[in-house]
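Colleague: Questions regarding the structure given below will be posed in turn.
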Amino acid sequence: MSSSPTRPDDGRLGSPFPHRHLTGIAGLQPHEIAFLLDEAEQWVQLNRGTAKHDDRLAGLTLINAFFENSTRTLLSFEIAGKRLGADVVNMAVAQSSVKKGETLIDTAITLNAMRADMIVIRHDSSGAVQLIADKVDCPVLNAGDGRHEHPTQALLDALTIRRRKGRIEGLVVAICGDVLHSRVARSNILSLTALGAEVRVVGPPTLLPPQIERMGVTRFTDFDAGLDGADVVMMLRLQRERMAGGFVPSLREYHALYGLTYDRLAKAAPDALVMHPGPMNRGVEIASDVADDLERSAITEQVEMGVAVRMACLDVLTRARRGVAGW
Amino acid sequence: MVSALAITGGRVVTPQGLVEGGVLVRDGRIAAVGGFDLPGDVERIDARGALIAPGLIDVGVFAIDKPAFVAGGITRAVLMPDQGGIDTVPLVQHAAAAGKPKVWVHPLAAATRGLKGEELAEIGLMARDGACGVATGRGWIADSGVMYRLLGYAGALGLRTVVHAEDGDLAGNAVMTDGETATRLGLAAAPAEAEALAVARDLLLVEATGAPLHIRQVTTARALDLIRAAKKKGLPVSCGITPAHLFLSDIAVTGFRTFARLSPPLRDESDRQACLAGIADGTIDLICSGHDPHGPEAKRLPFIDAEPGMAGAETLLALSLALVRDGLVGVERLFDLLAGAPARLFGLPGGVIEAGAEADLLVVDSDAPWRIESDNMAAAAGNTPFDGLPVQGRVVRTIKGGVPIQ
């Protein structure tokens, strides 16, 4: 069973990425995920040079419609669009003014009428991005919808792992912390299991979703057991703003039981890679010295890969529109 | 006014089973069933071999939607108090008059003022003016003390209390049942036990008060087990279910389909199977539509913002007939679920074909094929989770109080 797959578009069957939108990792084939990662590599190189510019999206308009606050993802998409030569417009929609959905549909129709060529959307409701994607003519990229998916985060994480470890297949990846409220966790579970990793979810029982095992992962409530022998330790942000229900007794206790310190990290494989999607709660889910350890932590590299992956997605999803041969 | 009406050439659904022949109606009541001599002054309807069945009685609708009721063969609807908050006498009188003559609406009185679950509403006065029972509305009554006093008070007036069985604290802001689908979609979910918890408490209070209770929708194996045991003990408890919970599981929500956002939410496959077993063994007393039409402004929204509920009135009969085709129940039991039991439980006329009963009758072509289409419904809105499903069974004629209306 797959949830809201990106729907194949009839005109693109036979291309290496036969999808009109990127609303989630669900619905993507492993080779399609790998294709996006391969495409991103060239942009890593470009971004590391001095002339960080390509004009393949010149004349196209990218609208970043963020219905939920974001700094880094918005910035990352903006830079990605600009480096490819697109005209980038950011629309920060205050949650108070666009609260209920008919307005959301209206917003989608409005964006469509402005003839955007790509729309990047973040929204705090699961499924909201698909709702908009169904109403517009141009490619839609999901920059995070509620607890559902955050596909470009999963792609940048996969790219980071692949570059640091040389592979993904066969690695043991422990995704730790607030899995329940995390779209990052869901997208990563889908992509990493598709690419052949052994994925564990580790956290307090109150923050692990029911039947998460059905997504092909192993569930651990004991942090040390979950970390045992792991090749990658992916820490999640403890969503303090979503803690109203009292899922954990205190931040202090959370750090003591589930915070990543060097002592904890010693349970993982000797060369285990530490990751975090950011922004970090230092001293809560991760200790500062671990986060800042350039040997072990790939956290800044994740940010770097984010721009490259988003450039790849914007390029690939607009190829049909730009008349690229074979698309 | 036709003084006599004869429906002939059909298969009559009686409590004892199918009877070849017809039904003779005089002065709005059933005068004869099966074979009878045709009087001279009679108006005749030829059933052409179709079923002649009692008009459906739909317990717990949320809107007075006459076109949908007529299309669905519903001749009496028991109205929930939520719409407009039926917690005063004038509102009861207004609701009771609203559907006539084609559909008779029997309002349920709000159990508590404003359905807030705090203070008893004027149940006795509302009952005197036509309320056929009391209801807690879309939510449950969290305060066990209020629930205890409500049951005692309503029971003493001879009124059945209709409850929504979901522990509000455990359900919280959930929009789905815990499970793989909710986890994949990233939607807030609650354990299915929220239902059994509420049922367990209310059954204990029924035992304490002796008052009759109707659980509007039971959707889980655990709750059905509790009700089965309570019935064995002889407690005056009854329960209903909608076709949605009999034919769909939570997988139907996949793709964030808001038409499948229901309250209680769709359950997992094992609970669905338990519900079918509950129909087969008689634990479930009745099938209702839960009719709750919502237009796009309430449904074309992110899933968590969409209103729960489905437009079910016109699909109730066709979907339920599948239970007969699947061999789960006989046709006479099906019409007890759809008409007989509702009439008995809420003291309403009709619901059964026997001499002397109110002549609310349907002629049903139980094989007629059609397709449920959201865009092509008689209801006030087309929010059905069964959109696109081919079904069989259509109402050909409806006779309300002896008068053909369709």
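The values are calculated or read from the model by the stated rules, or taken from the named source; none is laboratory data. These numbers were taken from a predicted model, which means no experiment stands behind them. Note that each Cβ is placed from the backbone with ideal geometry, even for glycine, and that neighbours are counted across all protein chains shown. All accessible areas refer to the heavy atoms of the entire protein, side chains included, with ligands and DNA or RNA removed. Shrake-Rupley method; radii C 1.70, N 1.55, O 1.52, S 1.80 Å.
Colleague: With a 1.4 Å probe and every protein chain left in place, tell me how much accessible area B:Arg76 has, in Å² to the nearest 10.
Modeller: About 0 Å², ignoring ligands and nucleic acids.
Colleague: Say each of B:Ala208 and B:Gln83 gets a label point 7 Å from the Cα, pointing the same way as Cα to Cβ; how far apart are those two points in nm?
Modeller: 3.5
Colleague: Further question on the same structure: Give the accessible surface of chain A per residue, rounded to a whole number of Å², with probe radius 1.4 Å and ligands, DNA and RNA excluded.
Modeller: 38
Colleague: In addition: For the protein assembly as shown, which whole-number percentage of the solvent-accessible area (1.4 Å probe, protein heavy atoms only) is attributable to carbon and sulfur atoms?
Modeller: Carbon-and-sulfur percentage of accessible area, whole number: 50.
Colleague: Residue by residue through segment A:256-262, which ³J(HN,Hα) values in whole Hz follow from phi under the Karplus form 6.51 cos²θ - 1.76 cosθ + 1.60 (θ = phi - 60°), with glycine and proline marked x?
Modeller: 5, 8, 10, x, 8, 10, 4
Colleague: Cut-off 10 angstrom, C-alpha nodes, Gaussian network model of chain B. Which of B:Val324, B:Val70, B:Val59 fluctuates the most?
Modeller: Judging by the Gaussian network model, the answer is B:Val324.
Colleague: A further question on this structure: Report the full-extension gain for the segment B:Arg344 to B:Phe36: residue separation times 0.36 nm, less the Cα-Cα distance, to one decimal in nm.
Modeller: Answer, rounded to one decimal: 108.1 nm.
Colleague: Relative to the Cα centre, what is the charge dipole magnitude of the protein assembly as shown, using +1 at the beta carbon of each Lys and Arg, -1 at the beta carbon of each Asp and Glu, and rounding to the nearest 20 debye?
Modeller: Using only the charged Cβ atoms, the result is roughly 540 debye.
Colleague: Another question, then. When the solvent-accessible surface of protein heavy atoms is calculated with a 1.4 angstrom probe, in what order do B:Lys66, B:Lys100 fall, highest first?
Modeller: I get B:Lys100, B:Lys66, largest accessible area first.
Colleague: Could you work out how far apart the two model spin labels at A:Asp106 and B:Trp370 are, taking each label as a point 7 Å from the Cα in the direction of the beta carbon, and quote it in nm?
Modeller: For the pair A:Asp106/B:Trp370, the computed spacing is 3.6 nm.
Colleague: Can you pull the accessible area of B:Trp140 for me, 1.4 Å probe, Å² to the nearest 10?
Modeller: The accessible area comes out at roughly 50 Å².
Colleague: Could you give the length gained on full extension between A:Thr71 and A:Gln45, defined as 0.36 nm per residue of separation minus the Cα-Cα distance, in nm?
Modeller: Roughly 6.9 nm would be gained on extension.
Colleague: For A:Asp289 and A:Ala256, FRET efficiency with R0 = 22 Å and r from the beta-carbon atoms, rounded to 0.05?
Modeller: Once the sixth-power term is evaluated, E becomes 0.85.
Colleague: So how much accessible area does B:Val352 have, in Å² to the nearest 10, using a 1.4 Å probe?
Modeller: Its accessible surface works out to 40 Å², give or take rounding.
Colleague: Apply the Karplus curve 6.51 cos²θ - 1.76 cosθ + 1.60, θ = phi - 60°, to the phi angles in segment A:22-36 and return the couplings in whole Hz, x for Gly and Pro.
Modeller: So the Karplus estimates, Gly and Pro as x, are 10, 9, x, 7, 4, x, 8, 7, x, 5, 6, 5, 4, 4, 5 Hz.
Colleague: Still on this model: Would you mind computing, in nm to one decimal, how far apart the modelled labels at A:Thr221 and B:Leu157 are, each placed 7 Å from Cα along Cα→Cβ?
Modeller: The modelled label-to-label distance comes out at 4.7 nm.
Colleague: What FRET efficiency comes out for the pair B:Leu328/A:Arg214, r = Cβ-Cβ distance, R0 = 22 Å, nearest 0.05?
Modeller: 0.15
Colleague: List the residues, sorted by chain then number, that are 5 or more residues from B:Gly133 or on another chain and whose placed amide H is less than 5 Å from its amide H.
Modeller: B:Ala109
Colleague: Under a 5 Å amide H to amide H cut-off, with H placed in plane at 1.01 Å, what residues pair with A:Asp124 once short-range neighbours are removed?
Modeller: A:Gly146
Colleague: Would you please give the residues with an amide H less than 5 Å from that of B:Ile45, counting only those at least 5 places away or on a separate chain, with H modeled from the backbone geometry?
Modeller: Amide H neighbours of B:Ile45, under 5 Å, 5+ apart: B:Ala6, B:Ile7, B:Thr8.
Colleague: Apply the Karplus parameterisation 6.51 cos²θ - 1.76 cosθ + 1.60, with θ equal to phi minus 60°, to every residue of segment A:213-228 and state each ³J(HN,Hα) to the nearest whole Hz, in sequence, with x for glycine and proline.
Modeller: For segment A:213-228, the Karplus curve yields 4, 5, 8, x, 10, 9, 10, 10, 9, 8, 4, 4, 5, x, 7, 3 Hz.
Colleague: Given the options B:Gly351, A:Cys313, B:Val331, identify the residue whose Cα lies farthest towards the positive end of the charge dipole of the protein assembly as shown (+1 on Cβ of Lys, Arg; -1 on Cβ of Asp, Glu).
Modeller: Result: A:Cys313, furthest along the dipole toward the positive end.
Colleague: Additional query: Any idea of the total accessible area buried by the A-B contact, 1.4 Å probe, rounded to 100 Å²?
Modeller: 2100
Colleague: Of B:Ala311, B:Ala298, B:Ala339, which is the most mobile in a GNM of chain B whose springs link Cα atoms less than 10 angstrom apart?
Modeller: So, out of B:Ala311, B:Ala298, B:Ala339, the one fluctuating most is B:Ala298.
Colleague: Right, something else. Over segment B:309-353, give the accessible area per residue in Å² for a 1.4 Å probe, as an integer.
Modeller: That works out to 26 Å² for each residue.
Colleague: Let me ask another. Could you name the lysines in cross-link range of A:Lys52, using Cα to Cα under 24 Å and dropping any fewer than eight places away on the same chain?
Modeller: Straight-distance partners of A:Lys52: A:Lys82.
Colleague: Based on Cβ point charges of +1 for Lys and Arg and -1 for Asp and Glu, what charge dipole magnitude is obtained for segment A:192-243 about its Cα centre, in debye rounded to the nearest 20?
Modeller: With Lys and Arg at +1 and Asp and Glu at -1, about 320 debye.
Colleague: To continue, here is another question. Any aspartates and glutamates with Cα under 16 Å of the A:Lys165 Cα? List them, leaving off those in the same chain fewer than 8 positions away.
Modeller: Reachable aspartates and glutamates: A:Asp38, A:Glu41, A:Asp157, A:Glu198, A:Asp231, A:Asp271, A:Glu295, A:Glu301.
Colleague: Taking the Kirkwood radius as the inverse of the mean 1/r across Cα pairs, report the Rg/Rh of segment B:49-171.
Modeller: That ratio is 1.02, to two decimals.
Colleague: Taking 60 Å as R0, compute the FRET efficiency from the Cβ-Cβ separation of A:Asp134 and B:Ala355 and round it to 0.05.
Modeller: Efficiency, from the Cβ-Cβ distance: 0.60.
Colleague: In straight Cα distance, which lysines are under 27 Å from B:Lys400, not counting same-chain residues fewer than 8 positions off?
Modeller: Output for B:Lys400: B:Lys66, B:Lys100, B:Lys102.
Colleague: Could you give the accessible area per residue of segment B:62-121, probe 1.4 Å, as a whole number in Å²?
Modeller: Accessible area per residue, segment B:62-121: 37 Å².
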